[in-house]
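Structure first, then comments.
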Amino acid sequence: MSSGNDYYQLIQDLQKAIQGEYEAIQFYRALIPMAPPDHRKYIEQIESDERTEHIVNFSNLYRHLTGKEPSVHHGKLPTDYVSGLKKAMDDEQEAAEFYQKVYLGSNDPFVRKIFFEAMTDEMRHATRISFLYSNFFLEDGRI
């Protein structure tokens, strides 16, 4: 980090990333039972990525930099499968864009690596969710 402002901005960005990942985990856990059986494994994999990689990496870096535990609060949960997929697509895309901004704004190789990996995962998740969304309507005969 080149300045104190960069440090505080990174802490804020990490807190935002952790909160977003926490909300995503809760969201996908609620979405899984709403999904058609053949869609569940894909949503479970996305939830697993968020739970075992992203939030862990962001939280570890946050603890390393601050010596504190990150704080999180609950977000909104899906009310139905289709609107849940739509929201998930939007959220994954927004997360990828945010992670790209942090990645490009950092000179620290470790920070860049963590945000780059999360960014590419979020892009992959957005693509998968878009497929599930389209596939849902194809299977249902609406397209």
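Has the stretch 108-124 got any residue that is under 24 Å from residue 38 (Cβ atoms), surrounded by fewer than 14 Cβ atoms within 10 Å (Cβ to Cβ) and at pLDDT 95 or above? Outline the logic, then answer.
Let us first name the residues in the stretch 108-124 that are under 24 Å from residue 38 (Cβ atoms), namely 121-124.
From the residues that got through so far, the ones that are surrounded by fewer than 14 Cβ atoms within 10 Å (Cβ to Cβ) too are none.
The answer is no; no qualifying residue exists.
Quick check on the stretch 71-105: of everything there that is polar (S, T, N, Q) and more than 19 Å from residue 126 (Cα to Cα), which residue is surrounded by the fewest Cβ atoms within 10 Å (Cβ to Cβ)? Break it down into steps so the answer makes sense when it comes.
Of the residues in the stretch 71-105, the ones polar (S, T, N, Q) are 71, 79, 83, 93, 100.
Those still in the list that are more than 19 Å from residue 126 (Cα to Cα) too: 71, 79.
Values: 71: 9, 79: 11.
Result: 71.
Within the stretch 120-143, which residues are in a helix (DSSP H, G or I) and aliphatic (A, V, I, L, M)? Write out each step before concluding.
Going residue by residue through the stretch 120-143, those that are in a helix (DSSP H, G or I) are 120-139.
Those that are in a helix (DSSP H, G or I) and aliphatic (A, V, I, L, M): 123, 126, 129, 132, 138.
Among what's in the stretch 39-70 and is among the small types (Gly, Ala, Ser) and at negative phi, pick the residue that is surrounded by the most Cβ atoms within 10 Å (Cβ to Cβ). Working first, answer last.
Step one: filter the stretch 39-70 for residues among the small types (Gly, Ala, Ser), giving 48, 59, 67.
Those still in the list that are at negative phi too: 48, 59.
Details: 48: 12, 59: 18.
Looking at residues that are among the small types (Gly, Ala, Ser) and at negative phi, I get 59.
Would you pick out the residues in the stretch 106-119 that are in contact with a helix residue (DSSP H, G or I) (Cβ under 8 Å, 6 or more places away or on another chain) and part of a helix (DSSP H, G or I)?
Once the filter is applied, which keeps residues that are in contact with a helix residue (DSSP H, G or I) (Cβ under 8 Å, 6 or more places away or on another chain) and part of a helix (DSSP H, G or I), the stretch 106-119 yields 110, 111, 112, 114, 115, 116, 117, 118, 119.
Out of the stretch 25-47, which residues are farther than 12 Å from residue 128 by Cα and β-branched (Val, Ile, Thr)?
Hits for the stretch 25-47 are 25, 32.
State whether one or more residues within the stretch 52-59 are at pLDDT below 95 and out of contact with any helix residue (DSSP H, G or I) (no Cβ under 9 Å at 6 or more places or on another chain).
Yes; the residues of the stretch 52-59 include at least one that is at pLDDT below 95 and out of contact with any helix residue (DSSP H, G or I) (no Cβ under 9 Å at 6 or more places or on another chain).
The values are calculated or read from the model by the stated rules, or taken from the named source; none is laboratory data. Source: prediction; values computed, not measured. Every residue, glycine among them, receives a Cβ derived from its backbone with ideal geometry; neighbour counts consider all protein chains shown.
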